[in-house]
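Presented below is the structure to which this report refers.
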Amino acid sequence: MKALLRAVVTLMVLVAGWQALVWATGLPRYLLPGPLAVAEAMQRQAPLLMVHGLTTLAEILIGLVAGVALGGISALLLARFRTARRWLMPLLLVSQAIPVFALAPLLVLWLGYGMVSKIAMAVLVIYFPVTTALFDGLRRTDPGWLDLARTMDASPAAILWSIRLPAALPAFWSGVRVAAAVAPIGAVIGEWVGSSSGLGYLMLHANARMQIDLLFAAVLVLGLFAVTLYAAVDALARRALPWQPDTQPAEDSNP
Amino acid sequence: MLAPMLAMTPLSVTISRARLTYGGTRLFSDLTLELPAGRTTCLLGPSGVGKTTLLRILAGLAEPEPPTEVVTDDGRPLAGRIAYMAQQDLLLPWLTVLDNVLLGDRLRHRRPGPARVEQARALLDRVGLAGRERDHPAALSGGQRQRVALARTLMEDKPLVLMDEPFSALDAITRLRLQETAAETLAGRTVLMVTHDPLEALRIGDRLHVMTGRPAIMGPALEPAGPVPRRVDDPDLLAHQAELLRRLAE
Ligand SMILES: Nc1ncnc2c1ncn2[C@@H]1O[C@H](COP(=O)(O)OP(=O)(O)O)[C@@H](O)[C@H]1O
Ligand SMILES: [Mg+2]
């Protein structure tokens, strides 16, 4: 409850600062609209924001699910098979040296203007954090547990499934948190490069027509998606790991 | 109370001419230790002498060098016939107490049937944890967690039990209580217990060996009289303690 109150206060201070900036600079509405103007645009253009918002939301969610699944499977394969480690690890590292956003035009060229190229973009930015987080977690199993499992005649598959994977879940979920934070960026960048729908498309469109209040409204909707998504993933992670003690530092949880 | 579960006749195990070198240092090169059937053998020695290493060889967790030989009295290899308990309880925090006791079944892809679950409950009862089956390890004290580990070890029901300083992380009173539970529940099994505590060895050991030096040599067996667990104020025990401390200090 207190956290909610703090969030509301922070939000109010930010909005007040925004309004103060508008007054202080005296910038015209088509360069820097005030919070009221944006709220008005949001209300006026609600159907439009809704349609484009849904497109982007679908891209983000599908990208998140697909990226997390692909990353999770890759990490398990890497942990389980030495051959997979030998061949895929260098590939994984090299792929990180390429700025994935630079691939966006190619993706649009290959996969078209529709949602698929945006989903692919989101998957690309999600894949690496999830894979490395889970793989690191799988490699850091308490050696005492592994010793115990070996004395119990456990097969490597059983050890992976019953010990290493559950032990790596906290690491996996922190990877998913990162993924949830970057997925909206991936989707919107894909939309900027080429699309006919989505919040990114709406932003470009509004920008070109000097509808800056609509541009701001679209950014706000995107921000709302990002925050909600992160909170949802965080709640999910806590539910999935009830045995995990809260890792918040002590001075953070005390008022 | 649960009837003794000893399905098998106790096994006697001998490791002889054991040799192991770590990074150019020979830990031991001609070490022999006999673990008589159905008895508890305690292994004492200064820290770093190689007690854990010797136990890990028997557990199949460390590879000895030739001419090391591990011989059982039934002639079959030891692999798959040991239960292992370490200084840390090694409980899995995401499993309940009951599922931790049943971990071996799960790891061997055997879904524990009602009989096994009943057995696990009975063992938990026997180590004094009835009613805590559904709890997670985080809700238990250090002593209770080590009791769960003991129940898990007994659940494995293996002919040879290997314990590496199982109670050394516990406070003195908790340790005394656990020694009693362990002595009662392990009675009739072949046990090797490594410990650095002479009193612990004297309370629950049938045969005590002191391992010293580098390369290490195995001292002769000391066999205190009387049934285990022995009382802390047993005068015989106190006399032996002085002797053990003298051997340890050599
Ligand atoms: N895996 C290992 N690699 C290298 N040295 C080791 C390893 N395990 C143990 N040692 C060394 O072997 C010696 C004996 O260790 P250990 O058997 O644990 O002694 P103890 O249990 O008697 O205290 C120590 O000096 C230790 O540093
Ligand atoms: Mg040791």
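FYI, it's all coordinate maths here, none of it is from the lab. Predicted, not measured: the structure shown is a model, and the values here were computed from it. Backbone-built Cβ (ideal geometry, glycine too); neighbour counts: all protein chains shown.
Placing a pseudo-label 7 Å from each Cα along the Cα-to-Cβ vector at residue B:30 and residue A:102 gives an inter-label distance of 6.8 nm.
Angle of helix B:235-249 to the longest C-alpha principal axis of chain B, folded into 0 to 90 degrees and rounded to 10: 60°. Taking every Cα-Cα distance in the protein assembly as shown and sorting them into 20 Å bins from zero, the calculated P(r) comes out as 18, 38, 24, 16, 4 percent.
Within chain B, antiparallel bridges make up roughly 45 percent of the DSSP beta bridges whose residues both belong there.
Roughly what % antiparallel, to the nearest 5, for the DSSP beta bridges in the range B:145-229? So the antiparallel bridges amount to about 40 percent of the total.
Working from label points 7 Å from Cα in the Cα-to-Cβ sense, the residue A:77 to residue A:58 distance is 2.9 nm. Taking only the C-alpha atoms of the range A:31-126, the Rg (one decimal) and the largest Cα-Cα distance, Dmax (whole number), read 18.9, 59 Å. Rounded to the nearest Hz, the phi-derived 3J(HN,Hα) couplings of the range B:190-204 under the Karplus curve 6.51 cos²θ - 1.76 cosθ + 1.60 (θ = phi - 60°) are 7, 10, 10, 10, 8, 8, 10, 10, x, 5, 4, 4, 6, 6, 10, where x marks glycine and proline. Building the convex hull from the alpha-carbon atoms of the range B:102-144 and averaging its projection over directions returns 3.4 nm².
Peptides B:26-36, A:232-242 ranked from most to least packed, by the mean per-residue count of other Cβ atoms within 10 Å: B:26-36, A:232-242. Residue exposure proxy: B:164, B:73, ordered by other Cβ atoms within 10 angstrom of their Cβ from fewest to most, comes out as B:73, B:164.
How much length is gained if the chain between residue A:177 and residue A:36 is pulled fully straight, taking 0.36 nm per residue apart and subtracting their Cα-Cα distance, in nm to one decimal? Don't jump to the answer; show the numbers that get you there.
Details: separation 141, 0.36 × 141 = 50.76 nm, distance 3.25 nm.
Answer, rounded to one decimal: 47.5 nm.
Amide H contacts under 5 Å for residue B:28: B:20, B:216, restricted to partners 5 or more places along the chain or on a different chain, H placed in the peptide plane at 1.01 Å from N.
Taking 7 Å steps out from each Cα toward its Cβ at residue B:117 and residue B:232 produces label points 4.0 nm apart. Using Cβ point charges alone (K and R +1, D and E -1), the dipole size of chain A about the Cα centre works out to roughly 380 debye.
Counting beta carbons within 10 Å around each of A:73, A:185, A:159, A:98 and listing the fewest first gives the order A:98, A:73, A:185, A:159.
Peptide A:151-161 is shielded by partner chain Cβ atoms: per residue, an average of 5 of them sit within 10 Å of its Cβ.
When the Karplus curve 6.51 cos²θ - 1.76 cosθ + 1.60 is applied with θ = phi - 60°, which whole-Hz ³J(HN,Hα) does each residue of the range A:111-123 get, with x for Gly and Pro? The phi angles translate into 9, x, 7, x, 5, 4, 5, 6, 4, 4, 4, 4, 4 Hz. A Förster distance of 30 Å, applied to the separation of the beta-carbon atoms of residue A:228 and residue A:111, puts the FRET efficiency at 0.65.
Comparing A:138, A:37, A:233 along the charge dipole axis of chain A, the residue lying farthest to the positive side is A:138, per the Cβ-charge model. A full extension of the chain between residue A:1 and residue A:239 corresponds to an added length of 83.8 nm, given 0.36 nm per residue minus the alpha carbon distance.
With a Förster radius of 25 Å applied to the beta-carbon distance between residue B:223 and residue B:47, the computed FRET efficiency rounds to 0.50. Calculated FRET efficiency, residue A:8 and residue A:86, Cβ-Cβ r, R0 51 Å, to nearest 0.05? Result of the calculation: an efficiency of 0.45. For the range A:51-58, 3J(HN,Hα) computed residue by residue from phi via the Karplus equation (6.51, -1.76, 1.60; θ = phi - 60°) reads 4, 6, x, 4, 4, 5, 4, 4 Hz, glycine and proline entered as x. Exposure proxy shown here: for B:90, A:165, A:4, the number of other Cβ atoms within 10 Å sets the order, fewest to most, as A:4, A:165, B:90.
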